[in-house]
Each structure stands twice: as C-alpha cells, then as structure tokens.
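The values are calculated or read from the model by the stated rules, or taken from the named source; none is laboratory data. Since we're looking at a predicted model, the values are computed, not measured. Glycine gets a Cβ as well: all are built from the backbone with ideal geometry, and neighbour counts include every protein chain shown. To get the accessible areas, we keep the full protein, side chains included, count just its heavy atoms, and leave off ligands, DNA and RNA. Shrake-Rupley method; radii C 1.70, N 1.55, O 1.52, S 1.80 Å.
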Amino acid sequence: MDLIVCVDNNWAIGLKGDQHVAIPEDRKFFQQVTMGHAIVVGRKTLSTFPNGLPLKGRENIVITSDRNFIAKGATIVHDIDELKAAVKEVEAAGKDVYCVGGGKVYELLYPYCRYAHVTKVDYAYEADTFFPNLDKLDNWKIVDDSEEHTYFSLEYYFYKYENTDIRPL
C-alpha cells in the first residue's frame with residue numbers, strides 16, 4: 001500500500017473537513033496515480049468527494065466505525081483486520097492500493113505504506129488536521145522530487161518518500 005497527500009509547510013492537510021487548497025495539477029496527478037487501482041478512504045473524506053460518492057475508475061475501500069454505513073459501489077470495512085483482507089484481495093487482483101485520507105486514516109495507515117506521494121505547498125494555512133511530518137521521521141526518506149511548480153502565486157513540489165521500516169499489513 002502507498003499513500004497520496006497534499007500538505008502545506010506545517011504538514012497541514014485541512015480545516016473543518018475541507019482541503020486547504022485544490023491545485024489542478026495536483027488533482028491530475030492524483031487521478032493519474034490512482035486510476036484503475038484501489039483507494040482507502042475514511043467515511044468523512046468520502047463525503048467530500050463529488051456528490052459524496054465513491055470515485056469512478058477506482059475500487060473504493062471505505063473505513064468507518066459506523067456499522068450501518070453504506071456506500072453504493074464501495075467496499076466497507078470497520079477495522080484493520082477487515083481492511084487487511086480487503087487490501088489482500090485487491091492486490092491479488094493485480095491492483096495497487098493508495099491511502100487517500102483523511103487525517104485519522106492517514107494516521108492509522110502511514111506506517112503500513114511503502115511510498116508516500118506528497119505534494120508540498122509552500123504556504124502555511126490555518127488548519128486543524130495534519131499529516132505526520134515525514135521529514136522528522138528517520139524511516140522515511142525522499143527518493144524523488146520535482147522542480148518547482150506554480151499555481152497563481154503558490155509554489156509547490158511533488159515528492160516521493162520511501163518508508164524504510166514498513167510494517168506488514
């Protein structure tokens with residue numbers, strides 16, 4: 001499993017359930033990376049998707065503690081053991097799996113991810129949700145980065161981190 005996230009200078013990912021910024025090139029990158037594969041998403045983050053529906057062209061795995069939650073076209077799991085079984089099934093079918101948030105899901109799953117695709121925006125937003133700062137963790141190393149990109153006055157970069165001490169899921 002890998003993950004994909006957009007962070008600011010403080011590794012913030014959002015405020016009050018919304019992303020801090022929507023950069024078209026980052027959205028395009030997200031689509032290119034995840035299309036045809038599977039994504040793991042939390043119930044609250046799923047509700048922020050267009051019409052609150054699972055993303056098309058991907059197998060959507062929604063993790064929630066709400067045992068009554070239903071999302072047409074998605075696999076619903078309630079704990080790490082159910083998630084493990086769902087991920088194993090997807091990977092056996094030859095698809096990659098990407099953790100796509102939100103905050104609680106990232107916090108739970110980042111230790112199990114091999115790679116982190118991180119878009120870093122050179123700005124500090126007001127935020128209440130953060131991603132772990134991989135630059136401060138000894139087991140996460142940058143293995144690829146991009147040139148500077150701009151969106152209006154925002155500068156941002158694409159990084160790929162590798163977890164050198166991945167936990168088995």
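Return the residues of the range 145-163 that are surrounded by 12 or more Cβ atoms within 10 Å (Cβ to Cβ) and either in contact with a Phe, Trp or Tyr (Cβ under 7 Å, 6 or more places away or on another chain) or closer than 21 Å to residue 109 by Cβ (or both); say none if nothing qualifies.
Scanning the range 145-163 gives 145, 146, 149, 154, 158, 159, 160, 161, 162, 163.
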| note | Checked pairs for the range 11-28, first over 18 Å from residue 159 (Cβ atoms) and open to solvent by 20 Å² or more (accessible area, probe 1.4 Å), second outside any strand (DSSP E or B) and not charged (D, E, K, R), C-beta under 9 Å and 6 or more apart or across chains, list as 15/125; 15/127; 17/45; 17/47; 17/48; 17/102; 18/48
| task | Please enumerate the residues belonging to the range 3-59 that are more than 12 Å from the chain's Cα centre (by Cα) and of a type in the set (Gly, Ala, Ser). | result | 12, 14, 17, 22, 36, 47, 52, 57
| said: List the residue pairs whose Cβ atoms are under 6 Å apart, where the first residue sits in the range 133-159 and is touching a residue at least 40 places away in the same chain (Cβ under 8 Å), the second is loosely packed, with under 14 Cβ neighbours inside 10 Å and of a type in the set (D, E, K, R), and the two are 6 or more positions apart or on different chains. | reply: 159/145
| Out of the range 129-144, which residues are touching a Phe, Trp or Tyr at 6+ places or on another chain (Cβ under 7 Å) and either aromatic (Phe, Trp, Tyr) or surrounded by 13 or more Cβ atoms within 10 Å (Cβ to Cβ) (or both)? | 130, 131, 132, 134, 140, 141, 142
| task | Collect the residues in the range 107-128 that are open to solvent by 40 Å² or more (accessible area, probe 1.4 Å), within 28 Å of residue 59 (Cβ to Cβ) and of a type in the set (A, V, I, L, M, F, W, C), keeping them in residue-number order. | result | 108
| note | Screening 104, 95 for residues that are open to solvent by 60 Å² or more (accessible area, probe 1.4 Å), touching a residue at least 24 places away in the same chain (Cβ under 8 Å), of a type in the set (D, E, K, R) and part of a loop (DSSP other than H, G, I, E, B) leaves only 95
| Does residue 45 satisfy being over 24 Å from residue 162 (Cβ atoms) and either part of a strand (DSSP E or B) or touching a Cys at 6+ places or on another chain (Cβ under 9 Å) (or both)? | no
| request: Considering every residue within the range 24-41, establish whether at least one is part of a loop (DSSP other than H, G, I, E, B) and either on the phi > 0 side of the Ramachandran plot or of a type in the set (Phe, Trp, Tyr) (or both). | output: yes
